[in-house]
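Written below as structure tokens is the structure these notes are about.
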Number of protein chains: 4
Amino acid sequence: MKNVKVGILGAAGYTGGELIRLLINHPEADIVFAHSESNAGNKVCDVHEGLLGETELEFSSEMPFDQVDVVFFCFGHGKSEAFLKDHTIPEGVKIIDLAQDFRIAGSHDYVYGLPETHRDAIKHCQHLANPGCFATCIQLALLPLAKAGLLTHDVSVNAITGSTGAGQKPGATTHFSWRNNNFSTYKLFTHQHLHEICQTLNELRPDTAPRAIDTLETGFDYMQEAGITVDFIPYRGDFARGIFCTSVVTLDKGMEASHVASLFRDYYAEAVFTHYSNKAIDLKQVVNTNKALVHADVFGRKVVVTSAIDNLLKGAVGQAVQNMNLMFGLDERAGLQLKASAF
Amino acid sequence: MKNVKVGILGAAGYTGGELIRLLINHPEADIVFAHSESNAGNKVCDVHEGLLGETELEFSSEMPFDQVDVVFFCFGHGKSEAFLKDHTIPEGVKIIDLAQDFRIAGSHDYVYGLPETHRDAIKHCQHLANPGCFATCIQLALLPLAKAGLLTHDVSVNAITGSTGAGQKPGATTHFSWRNNNFSTYKLFTHQHLHEICQTLNELRPDTAPRAIDTLETGFDYMQEAGITVDFIPYRGDFARGIFCTSVVTLDKGMEASHVASLFRDYYAEAVFTHYSNKAIDLKQVVNTNKALVHADVFGRKVVVTSAIDNLLKGAVGQAVQNMNLMFGLDERAGLQLKASAF
Amino acid sequence: MKNVKVGILGAAGYTGGELIRLLINHPEADIVFAHSESNAGNKVCDVHEGLLGETELEFSSEMPFDQVDVVFFCFGHGKSEAFLKDHTIPEGVKIIDLAQDFRIAGSHDYVYGLPETHRDAIKHCQHLANPGCFATCIQLALLPLAKAGLLTHDVSVNAITGSTGAGQKPGATTHFSWRNNNFSTYKLFTHQHLHEICQTLNELRPDTAPRAIDTLETGFDYMQEAGITVDFIPYRGDFARGIFCTSVVTLDKGMEASHVASLFRDYYAEAVFTHYSNKAIDLKQVVNTNKALVHADVFGRKVVVTSAIDNLLKGAVGQAVQNMNLMFGLDERAGLQLKASAF
Amino acid sequence: MKNVKVGILGAAGYTGGELIRLLINHPEADIVFAHSESNAGNKVCDVHEGLLGETELEFSSEMPFDQVDVVFFCFGHGKSEAFLKDHTIPEGVKIIDLAQDFRIAGSHDYVYGLPETHRDAIKHCQHLANPGCFATCIQLALLPLAKAGLLTHDVSVNAITGSTGAGQKPGATTHFSWRNNNFSTYKLFTHQHLHEICQTLNELRPDTAPRAIDTLETGFDYMQEAGITVDFIPYRGDFARGIFCTSVVTLDKGMEASHVASLFRDYYAEAVFTHYSNKAIDLKQVVNTNKALVHADVFGRKVVVTSAIDNLLKGAVGQAVQNMNLMFGLDERAGLQLKASAF
């Protein structure tokens, strides 16, 4: 048995499957149980079919929390909190929640799991709220500028997501006949991930002490107090994996492109999965990896930051495993040195 | 009001929508009603959204059969027969049924609506059973060889269909996240369209009088009596429109490629939408048109016929409108001179 | 012979092919010659393969200008002007140039062919410069707001184009292995279509008489004088046809959504192909049609306009044929009532 | 330095890039040089862009063969033999050739590198010819039946390949605008991989001693002598990675499906990457892995075998690394436990 014993809740969904695909090759972690009510007793490889030949694991109806070191919540949004009302997780067992239930600071002890901003807190936390996919990609584009106090005007963000972001349940906008070769927007200016983005940007404001944000409205308020609004247009792309994002930041005055680049390089000097690219990036550079790539161009007072991640990996379970590695003192890259699909 | 007054049943589905898209530009036909129970009262362009700006038509809850010349049944399979048990269509009103309920000859007067084989019967029929999409593409590949008495060994057919063939209802195999960049088979050797294919091929056997076929089993029997089996492997392709098919026919002895080509040219000399190509074909040559293209290569005793159609047009409502044109003495091409999407 | 006799230069490229696909079904126009140096003598359907069975036309090496009423220039950018230096088109022959050579007003008599702004001038012009694809989609999103004097702050435009926008010549960014499921940006903030966009917006400024713009720099200057910059981020999408665009306009103060909608409805009341949609739009509503759809949402002081066209039709040859119809007094819709591919 | 020191020739192409992506995470191998004439001096991650942040390797103009244990030839077909005429590889250095130059037995000592048939010979060989992508997928479908002496009639094979099979150079059939949502055939019945397939099947014929095959014609002759022809139709699919194949084998008499399944299970009992699936398979189960999946259905005397691989991995460099592992006594799975992209 390896060092870290893992339990997975909601193991039959998209993120559950991706987590299993990562952990069966993780050098330091073993899956003790993969819980799914609807699939209890079925082989994991009968649901996550690509796993045929790689694991004999079955979905369990049991949740033996006393046999594990950490539990991943791969529930839909809103179900984590409900689950914890009905069940008790032993104190010594760490929790990594992939839903949005605990991402906003409040009367709980969950640490926001973005290693690029909270690495130390993550290392010592017991409970972790894993960031949203859009939130990860957008924050990684803005963090160095926020820290430098350069977010002083409205920020214009356009981000395109793959269909896996919409989950496993079939519906009109994930129907192949509709989505193939199509393009559309949704949740214009109101996407729920704005909340956690505002929270982080507010924390990084160099001019002021961070303040508590406990609702989306409060988040917006504090941003607006600082003169910042993040105008976020999410798009449905006709690919399955990945998020590609452009963020336009208006500076008070022009800045050398090389200086902007150095802000990014410095900020991500210690980041093991986030890299600044000297040249324009494309989505497939990161698909099927835990990497994030960022690149910036400068036009007068405007900085255009391009960022890209795989929504299921750096945007979900890849980052969750990265966080697990930090929480257990493992190599941050363990189990995450993935071959890009590239094509 | 134009010459032909049309009623549509099942107007909110994929074929219903495509039929409306065709008929609003048809020079000789008008839509009198487009019936949909679930969408009664809604604008057609709120369901078939591409029609915005092209029609103010609304879905009706009424079916005023006495005001129309022809009714199209755009139901799912098996519902046409059920509908006719519960409703009476006036004698003078023609019926074009897109489902498979009346494709096999039996105790009914529906003519099988493949213009390439039944043009005269279609012109004079009152009730028409429109062929299946795979059945159309496969028959167009085999008809000239069947008529020439060359189908004397098992025929190997592989055909790939777009996702629209699976209809509007979302499901696991039409989920974008699954289907995109994926490939799979289904209904190996048992696809229901084999029945109508066998019926036609049996009719064309030059060595014998056609005999009645009223079940899939009978159809297979007669074919096997003649030493013929059609081994049909259907595939799910990762595109939305079109069927691409290869059929391998084994001859008793080799034949000049030019002779095979002339069999096809002669057979389709009068066909307005089916053309023999001198060179290899590709699917997008026919997508969004009512055309069928066929091409043949010869290797020793084996003839490989490639055929392609748009499954919603020549494979469904395009052919239905072609049949309507024939049934009403209109130009066979009326309303069907469609610009290929090409890309 | 029909009323309008047409010559096509550059007939073997993407736009040349699409123009032929349109004109062979046009009720009032005939193609007299389709010129291509490299393909002279070849059948048109051997190059634009989808046309098999629809036309026996051959590419010509001759350009008999005295036999035509209008010539379409389907050259690459910069070649139209060069061609006219070496060749003489008779005075009575109209020219429709699809390249960008004459889009900016200057010492020539070409009318900018956007029917939504220049319909009357188009009707009476002899020479026409057909707008760019991005330029069409972006202008249709902004015209009603520009005319109402509401463009008083920087405009943020994000637009995604299909691969056919990059033309027929294969290259790294149109290689299927790279582009499939990929996403990327190009020509950030510097796309050449900004020039014609600025020219039109400047014309529409209600506060001032239009002034001459003859370089991209001048265009920017005039816009900046008015406090307006169009920040345009073009993206390469992984589909073949279409442009999908979002434009964020910041108003001086908030405005009712219904009022914004009425600005669009009023502006496009007479437009036969441009329609305002009450609800969110998606790209495939317009693919393979000459339509443009626009929709607006309002968030505080920000108006988000979504617009979509088919880049080869309303963004190129569809609009060119619409312009031809206007120039020859035909029904503006003639030959352009195209069935959407829809899927 | 790890155990196995690797040199790569042709490192800037598709297979070269994929090999580098595999080897930088291989636990037992190090890349000593990655040779590319045209890219010498450039960073590897400037060409294989997904590698940004993962390697600082540069393409070399040198080929220091004395510093390596093994050289991979990632040339185009026909260039390996030419290279060896001009260059000398030291005797102690192993060669793994990805081209087809040495796949057919002849006056050379290259072992055909299909671990499922030649594992022992591979372990002890100095020079290895890595199988073709189609050839791998088709052979894995047929080997168990061939060994059981069941290939006694013509075999009908249909296989669809992703665009990466066509390599890096852009061309008409890999242009996104053409290939997207398209489908077509090529090299009907004459694909060059038939040669190596016939060679292996001939070796496995239980009724006769294997005989030398040194030309495609000889291969066909021997097969025909045994009454076997492999009718192979290759298709171009509109995805980037993967091969999906159906093979129809006609038996002398019917056989229980369970018996056929047990033939496959037994044959692949020791195979670490090839697995028999109890149920129908789909392509994405294997994309971005080194796995092959096979499944068989039985209809009377016909067995339909479905098989799927990733053309760049099990069909090329994944299998090459698997062979390297065998040749150096490493764990056969080393560096190849890849997370499927799954979506």
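The values are calculated or read from the model by the stated rules, or taken from the named source; none is laboratory data. What you see is a predicted model; the values in this text were computed from it and never measured. Positions of Cβ are generated from backbone atoms using ideal geometry, with glycine treated the same way; all protein chains shown enter the neighbour counts.
General observations
- Residues that are among the aliphatic types (A, V, I, L, M) and not in a loop (DSSP other than H, G, I, E, B), drawn from the range D:41-54: D:44, D:47, D:51
- Among the residues of the range C:64-75, the ones that are within 17 Å of residue C:19 (Cβ to Cβ) and surrounded by fewer than 16 Cβ atoms within 10 Å (Cβ to Cβ) come to 0 in all.
- Residues in the range C:279-315 that are of a type in the set (Gly, Ala, Ser) and in contact with a helix residue (DSSP H, G or I) (Cβ under 8 Å, 6 or more places away or on another chain): C:292, C:296, C:307, C:308, C:315.
- Unmet criterion (only one of (1) over 30 Å from residue A:291 (Cβ atoms); (2) surrounded by fewer than 18 Cβ atoms within 10 Å (Cβ to Cβ)) for residue A:30: (1)
- Among the residues of the range C:34-53, those identified as within 12 Å of another protein chain (Cβ to nearest Cβ) and not basic (Lys, Arg) are C:45, C:46, C:47, C:48, C:49, C:50, C:51, C:52, C:53.
- Residue that is nearest to the other protein chains (Cβ to nearest Cβ), among those in the range C:131-156 that are assigned to a loop (DSSP other than H, G, I, E, B) and among the small types (Gly, Ala, Ser): C:132
- Candidates C:80, C:107, C:36: the one that is surrounded by 20 or more Cβ atoms within 10 Å (Cβ to Cβ), among the polar types (S, T, N, Q) and farther than 30 Å from residue D:183 by Cβ is C:80.
- Subset of the range B:167-188 (residues that are modelled with pLDDT under 95 and farther than 27 Å from residue A:242 by Cα): B:167
- Residues of the range C:244-252 include at least one that is within 24 Å of residue C:166 (Cβ to Cβ) and of a type outside the set (S, T, N, Q).
- Considering residues of the range D:119-140 that are in contact with a Leu (Cβ under 7 Å, 6 or more places away or on another chain) and among the charged types (D, E, K, R) only, the residue farthest from residue D:270 (Cα to Cα): D:123
- Within the range B:300-309, if we keep just the residues that are at pLDDT 95 or above and at the interface with chain D (Cβ under 9 Å from one of its Cβ atoms), the residue that is farthest from residue B:260 (Cα to Cα) turns out to be B:308.
- Residue identified as more than 30 Å from residue D:279 (Cα to Cα) and touching a His at 6+ places or on another chain (Cβ under 7 Å) among B:97, B:109: B:109
- Filter pass, residue D:4 being closer than 15 Å to residue D:96 by Cβ and either touching a residue at least 24 places away in the same chain (Cβ under 8 Å) or surrounded by fewer than 17 Cβ atoms within 10 Å (Cβ to Cβ) (or both): yes
- Residue list for the range C:86-121, restricted to those being part of a loop (DSSP other than H, G, I, E, B) and aliphatic (A, V, I, L, M): C:89, C:93, C:98, C:99, C:104, C:105, C:114
- Extreme residue, farthest from residue C:156 (Cα to Cα), among residues of the range A:137-157 that are buried (at least 24 other Cβ atoms within 10 Å of the Cβ) and among the polar types (S, T, N, Q): A:139
- Residue list for the range A:157-192, restricted to those being in a strand (DSSP E or B) and either free of Cβ contacts under 8 Å to residues at least 40 places away in the same chain or touching a Ser or Thr at 6+ places or on another chain (Cβ under 7 Å) (or both): A:157, A:158, A:175, A:185
- Any hit, the range C:162-179, residues being among the aromatic types (Phe, Trp, Tyr), outside the structural domain of residue C:90 (by TED's automatic domain parsing) and farther than 17 Å from residue C:15 by Cβ: yes
- Any hit, the range C:184-206, residues being within 14 Å of chain D (Cβ to nearest Cβ) and aromatic (Phe, Trp, Tyr): no
So that you can scan it fast, the table gives a plain yes or no per residue for (1) in a loop (DSSP other than H, G, I, E, B); (2) of a type outside the set (A, V, I, L, M):
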| position | (1), (2) |
| --- | --- |
| D:2 | yes, yes |
| D:8 | no, no |
| D:15 | no, yes |
| D:22 | no, no |
| D:31 | no, no |
| D:39 | yes, yes |
| D:56 | yes, yes |
| D:76 | yes, yes |
| D:84 | no, no |
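- Candidate set from the range C:256-296 (those that are more than 14 Å from chain B (Cβ to nearest Cβ) and surrounded by fewer than 18 Cβ atoms within 10 Å (Cβ to Cβ)); member that is farthest from the chain's Cα centre (by Cα): C:256
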